[in-house]
Amino acid sequence: MNIVELKNVTKKFGPLVAVDNLSLRIQPGTIFGLIGPNGAGKTTTMKMLVGLLRPTKGSIYIDGRAVDEEPLFTKSRLGYIPDDPFVYERMTGREYLSFVAEVFGIPKKERDERIATISQLYPIAPILDGYMDNYSRGNKQKVVILAAFLHTPKVLLVDEPVVGLDPESIAVTKKLFRNFAKNDGGAVLISTHTLPVAQDICDRIGIIKEGKLVVEGTIEELQQIANEKNASLEDLYLHFVS
Amino acid sequence: MKTLFGAQLKLFFRLLKEPATAIVAVIFFFVLSLVMVGEFFGFREGFEFLFTQEYFGRAVSLYILEAFLLLAFILTVVSSVITASGIFFHAPDLRFAFTLPIRAATLFKWRLLLFFLVSSWPITVIAAPGIIALGSARDAGISFYFITLSGLIFFLFTACSTAALITLFIARLARIRTSSFVVVGLMLFAVLGGWGLSQVIVPRDIFKSFDAVDLSKTEAPIERIETAFLPFPSHPVAKLAFNAAENEPGIPLLLGLVGLTAAGLFTIVLIFGKEWFAKLFLKAQEGDFIARSEDVNRKYTKRIPFPLFLRGVGGAIIEKDIRSILRNRRDVASLSFFLLLGSLYIFLLSGAAQQASDGYKDRAPLLLALNFGGIGYFLATVSLRFLFPLIGREGQSAWILSSMPVRPAALILSKITFGAPALTAIAAISAVATLPFFEVTHSGQLHFFIFSTLSALFLSLFQTAMGGVSPELRRRDPERMSTTPQGLVTTFISLVYIATGSFIVYATASGKNVFPYDMFYIIFSLILPLLILRIAARKLTYIES
């Protein structure tokens, strides 16, 4: 069963077609990378999946339920990490994590344990009780990533996951996503321009251009389609986009 | 300096080229002009009447000048200090300017000029029409306007320089976070400030100020009034206007004094600014906590559990909003400012009512209606500052709640649960605190109380909902949200609503049967917010902006 499914989804902003008849399916336990040039429609697709934007046409399903019909159900299955980690500036990192846990209805004892556990994943304990407007972009991103894991989602939607992160944190983040997909059976949809990261962790890659899915498959499948054996993802990207 | 200010002006005029901004600006200046014109005619009528009063005329005229110039001074200084930290330390364009090869002293002068322009509204709107009305009532010549308007410009420099100095000293001294101690202290200071100011404007023995016991004199003396207002920087300006209107001597001396005070304070500001501005600006960029250099060795932090009092989705959102507001210096300063105004109003009313002659009781219905209007206007202003932007202030972090399983209706409900009880409590306290000063029947008092609390409920529901219909998620400054087209419509409807309520209160207190109007008011108060709430809930399903 597909845990994420887009069926002929189109999104228009006035005369601009940001996403054009896009169809996509993601299985549980898969890390799917969505790559493409600026303005290709990656972030718009992510926002429609979360339920932040309404598709002009088409349907989106998360865990078998339509996003526009049962948004509370689909949102309860999602963890979302946006491209810009705008957070509540006057809250501390710890308060923010507690806030997210409270909204997801995680009991207090369990919440405290989970926050204690996940806050060890990155070296952010010393700043967790400071206001988030004083955090660097990378530290905000780390808190947002941790918050996305708090309620044990089934799907992670990640828009530019490693921008602003230091190399050590990038390694931790990649491991987090891999464990989530391989050990917990979750699905991860990553939109990124950082091709080495996509090549490193994604099971399947979709290249999107001008709102349309140009090609989709494993790296090996893409190499076959492009007829370029041993080509890197960067070569494949340039092949399909240019 | 010329380039910096020129760029600012260019940006301003470019903004005005956008139709929506231009319409907002035109409506804003139109409303402002209406207020000034209304004030002018009100003051002129008052001054004309006073000059026909042989005994009290001159003294009361001076008293009014002193009182409203003192109010204008306090309002200018307090409101300027509230906006100052943004202008001097936290504006994004200033951060950019600091990366350019421009001397800090030049940047300070640029920000000071902006600060003066932004801070000039209370004196322009409150003081200028009053002074012009005085001249008009006395058929004064051109020299009167030249002298008094020059005095007002100097006065503006004095008030703004005072505010700038206070800001620099606060920035220098207060490296403190907005702790609960600071919040409570500021609130207490605001209440005491309101009380203190009311004691100056309406002293306990106000009739002694006019020497009303000695009617052998042909004219009430003005010395006691002068003495009462002598310690304040507004006094020389009030005396200057009074002397110019009365053709009394000492005008050059007073104008010189006012000008010298302004020039002296302005020079002091420039000296301190040149010395401190760059250091204070850099310090301000460090933030409050963790990022501050003095916190580098901090081992222990006070951790407040979240949520502390409330539970569930709504509780978490309410506690998040409360913490965000109480930890924001500008929000706390605005709250204190409102508290100062509220406290001043109640203490002034109390002082005036206790000393008024029995004659005022004949006008109880009118005064009661004015009181309703005053409280309603206050509630509308507080609501516009804090409740109308409540959904919009989610800002670019709106994705957080929108990506979680939270119904838009639950989000709005939590915002209302935050705002409505607080505003209704303010209305109830204001009604209970002011009603004893009016001679009205018990049923009249009950009617007033119900209408006040109902109005607060309406304003909180209506304004919160209007703020959610099309929230300005990219515009984070809650103070500016009320100047959007939607904010202006909200303001207009709120003011018309309060004016209608005042009319019904007046009619009821006059003994007229206004049952149909009562019913209309009650039904309107409930139906309109529900309609807008429905639209807002639908709009908030997606974040399209």
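FYI, it's all coordinate maths here, none of it is from the lab. Quick caveat: nothing in here was measured; it's all calculated off a predicted structure. Reconstructed Cβ throughout: ideal geometry from the backbone, glycine too, with neighbour counts over all protein chains shown.
Structural remarks
- Phi angles of segment B:187-198 translate, via the Karplus equation with coefficients 6.51, -1.76, 1.60 and θ = phi - 60°, into HN-Hα couplings of 4, 5, 4, 5, 5, 5, x, x, 5, x, 5, 5 Hz per residue; Gly and Pro are given as x.
- Simple label model, 7 Å out from Cα along Cβ direction - B:Glu286 to B:Leu253, nm: 5.1 nm
- Ordering B:Asn247, A:Ser119, B:Phe309 by Cα displacement along the dipole of the protein assembly as shown toward the positive end leaves A:Ser119 in first place; charges were set at the Cβ atoms of Lys, Arg (+1) and Asp, Glu (-1).
- Sorted by Cβ density within 10 Å, fewest first, the residues B:Ser336, A:Ser23, B:Ser136: A:Ser23, B:Ser136, B:Ser336
- A Förster radius of 45 Å, combined with the Cβ-Cβ distance separating B:Gln8 from B:Val496, puts the computed FRET efficiency at roughly 0.80.
- Taking every Cα-Cα distance in segment A:1-83 and sorting them into 5 Å bins starting at zero, the pair-distance distribution P(r) comes out as 3, 14, 27, 27, 19, 7, 2, 0 percent.
- Summarising the label geometry, the points placed 7 Å from Cα in the beta-carbon direction at A:Ala231 and B:Lys539 lie 4.9 nm from one another.
- Site pair B:Phe28 and A:Arg65 shows an inter-label distance of 4.5 nm when each label is modelled 7 Å from Cα along Cα→Cβ.
- Dipole-positive endmost among A:Phe149, B:Phe492, A:Asn227 within the protein assembly as shown (Cβ charges, Cα centre): A:Asn227
- Whole-Hz couplings from phi, Karplus 6.51/-1.76/1.60, listed for segment B:155-170; x for Gly and Pro: 4, 4, 4, 4, 5, 5, 5, 4, 4, 5, 5, 4, 4, 4, 5, 4
- Alpha-carbon Rg with Dmax, taken over segment A:95-198, Å: 13.6, 40
- Partners for B:Lys279 among lysines (Cα-Cα distance below 26 Å; same-chain residues under 8 apart left out): B:Lys2, B:Lys109
- Dipole in debye (nearest 20) - segment A:106-242, about Cα centre, beta carbon charges: Lys, Arg +1; Asp, Glu -1: 440 debye
- Cα-based Kirkwood hydrodynamic radius, chain A, one decimal, Å: 18.5 Å
- For A:Tyr135, B:Tyr542, order by how many other beta-carbon atoms lie within 10 Å, fewest first: B:Tyr542, A:Tyr135
- Globularity ratio of segment B:133-174, using Cα Rg and 2.2 N^0.38 Å: 1.79
- The mean of 1/r over all pairs of different alpha-carbon atoms in the protein assembly as shown, once inverted, gives a Kirkwood hydrodynamic radius of 30.0 Å.
- Dipole check for chain B: with +1 at the C-beta of Lys and Arg, -1 at the C-beta of Asp and Glu, and the Cα centre as origin, the magnitude is about 2760 Debye.
- Enclosing the Cα atoms of chain B in their convex hull gives a volume equal to 177 cubic angstrom per residue.
- Overall, the protein assembly as shown carries a charge dipole of about 1500 debye about its Cα centre when +1 sits on the Cβ of Lys and Arg and -1 on the Cβ of Asp and Glu, all other atoms neutral.
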